[in-house]
1. Pull up all non-local amide H partners of A:Q84: gap of 5 or more, or a different chain, and H-to-H distance under 5 Å with H placed in the peptide plane.
2. State the answer as a single residue: which of A:N267, A:T117, A:F200 lies farthest towards the positive end of the charge dipole of chain A, with beta carbon charges of +1 for Lys and Arg and -1 for Asp and Glu, about the Cα centre.
3. Which of the chymotrypsin sites (Phe, Trp or Tyr not before Pro) found in segment A:45-134 are in a DSSP loop and have at most 14 neighbouring Cβ atoms, other than their own, within 10 Å?
4. Let me know the shape class of segment A:268-324, please: from the alpha-carbon gyration tensor, a ≥ b ≥ c as square roots of the eigenvalues, rounded when a/c is under 1.5, otherwise prolate if a/b is greater than b/c, or oblate.
5. Mean residue ellipticity at 222 nm from the helices of chain B, using -39,500 (n - 2.57) per DSSP H segment of n ≥ 4 over the full residue count, to the nearest 500 deg cm²/dmol?
6. Count charges around B:A216 for me, please; just the other residues with Cβ under 14 Å from its Cβ, Lys/Arg as +1, Asp/Glu as -1.
7. Could you tell me the center-to-center distance, by alpha carbons, between segment A:285-329 and segment A:234-280 in angstrom?
8. Return the whole-Å distance between the Cα centroid of segment B:1-76 and the Cα centroid of segment A:111-165.
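No value in this document is a laboratory result; all are computed from the given coordinates. All values derive from a computational prediction rather than experimental measurement. Virtual Cβ from ideal backbone geometry, glycine too; neighbours counted across all protein chains shown.
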Amino acid sequence: MTLVENSNTKAHEEAAGSFQRSPRFMNGEAFNSTFKWLSIGSALFILVILGGFFVSLTVGAWPALSKFGLSFIWTSTWNPVTEQFGALPAIAGTLITSGIAIIIAVPLAFAIAIYITQLAPRWLRHPLGIAIELLAAIPSIIYGMWGLFFFAPIFAEFIQAPVIDAFENVPFLSTIFAGPAIGIGMATAGIVLAIMILPFIASVMRDVIDTVPKRLKESGYAIGATDWEVTRAIIIPHCKTAMTGAIFLGLGRALGETMAVTFIIGNANRITAAIFAPGNTIASTIANEFQEAYSSIHSSSLIALGLLLFIITFIVLAVARMMLNRISS
Amino acid sequence: MNAVIRRRHFSNAFARVLIIAATILVVAMLIWICSVLIYEGFSAFKPTLFTEMTPPPGESGGLANAIVGSFLLVGVAMLFATPVGILAGTYLNEYGKGTWLASTIRFVNDVLLAKPSILAGLFIYEIIVAPMGSFSGWAGSAALAVIAIPVVVRTTEDMLNLVPNSMREAAYALGASRSKVILSVSYRAARVGMTTGILLSVARIAGETAPLLFTALNNQFWSTDMTSSIANLPVMIFQYAMNPYPDWQALAWAGALLITLTILALSIISRVVLRSANEQH
């Protein structure tokens, strides 16, 4: 509509030049380049945000890094009273909980993606897709409350206690499946994390599976392959890289998830192989202690933890993106 | 031969059962979480939620100040995130398409999209809260904006990408300038999708707690002063849920239900809007 109005006015006389004139406060030429530079500026702002993350966290972490040096990463004491800070307990807790989450979430997410794209009756596909989206839309803090008040007690009674008893006399496993059966701890955090990252992995996997060319699948079925054989021999090999990307994307979420973990991990700054024991992740340590950090070295150490989390998640998410971009290009 | 076929069919059936069981398990979890939220939330639901202030320990009250605070924080954040996100998305699709700079920015934006939100809190703490010496609503909004911008950028770019090039070419052929083409053709054709993106980014930041912990903090009293700490639903839920007072826990559940319903409404609205727009074409 606007275009037509404009071209009716003086378009013929100014055929060679610009007839742009609707923003009256500026002539067309100036508006045109202002708009362009505003766009470029906003786009560069994205880079500024990323740079700002890195610079501000490094500056904030500097007192701690210069005091403890690189050994901050592998020191296992975290003691605000003696002002000794090392990141190892938090790093270990982050890796253990994210590891548990990935081990549980990946097969479930894969199963759901296969079910929605291959097996489910047509009428069920859309509602299932919405259910998965809903799972992704629930705020983290609600997973935390549900985990603490509803999941943890049931988990303690029906899973933790029997499992601890079952492995009591098995060497090695008795140190892994150990800890107080109180419901909260690293295993609980890992399971709740698994439910939280599952929808992200599943929806990316679903999109990836949809990119498998139909004739590849049909040629599989044509030679008499079963659903499972088509999945295993055609879909999985075709999507391997992108599916790994989806898993890394989920891992990136699990590593930095804060509120749900803070509710249920039990907050203990020690390293243990026992997955039922309370622990801490990088994010939950920051969330718990930052407001109460009165000494500057304490808050600086917490920011150093944040810097570590920034670097780890940046690498994981960048790898995920590279793997996922390969399929779209 | 028969044995081979039987084995193949068995493994197919076995995989099928496992896949269906996994799907049922996840849906059951979703139902469990939702029913807990609905039950606990509605038991604590009362009209005074919207009229009374958050109470001190042992007393009953409402969530009025937290609701208003949340609206304020999210509103100011979107006031900033919307233009920046739309313009950046415009650059990626209209100006920079195919350039090295645009693909770098797209890559960084995708990484920011999934970055832990607590880092946004630390970042804003370092550049706003620490220099100014106090927690503030501005800082809270800034942290939320940092999370919302990548969402807006992504959806804007995707939606502009759907606009057929022939429409742009038709406008150029009439002699329209670049900005004119973008404003009157690209934005017009993509406006429904772009609006959806903004709604979705509101849904994304409405429940964010971690970035507000060290920026907006919380406030027990009525306050719309953006220069000091301000009450907001997510942090209020966190603090009340972690406390033993039953009244506080009930309020936390009511707040949790309120936030989830808001997010749900936003996603349904954007879905409906997008679908009705698609049907018009």
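1. Residues meeting the criterion, in which the H sits 1.01 Å from N, are A:N79.
2. Towards the positive end, the residue furthest out is A:T117.
3. Counting only loop positions with at most 14 other Cβ atoms within 10 Å, the chymotrypsin sites (Phe, Trp or Tyr not before Pro) in segment A:45-134 are A:W74.
4. Since a/c reaches 1.5 but b/c is at least a/b, the shape of segment A:268-324 is classed as oblate.
5. On the way: 11 runs with 198 residues, N = 281.
Here the helix-only value at 222 nm equals -24000 deg cm²/dmol.
6. On the way: positive: none; negative: B:E208, B:D225.
Result for the neighbourhood of B:A216: -2.
7. 14 Å
8. The distance from the Cα centre of segment B:1-76 to that of segment A:111-165 comes to 8 Å.
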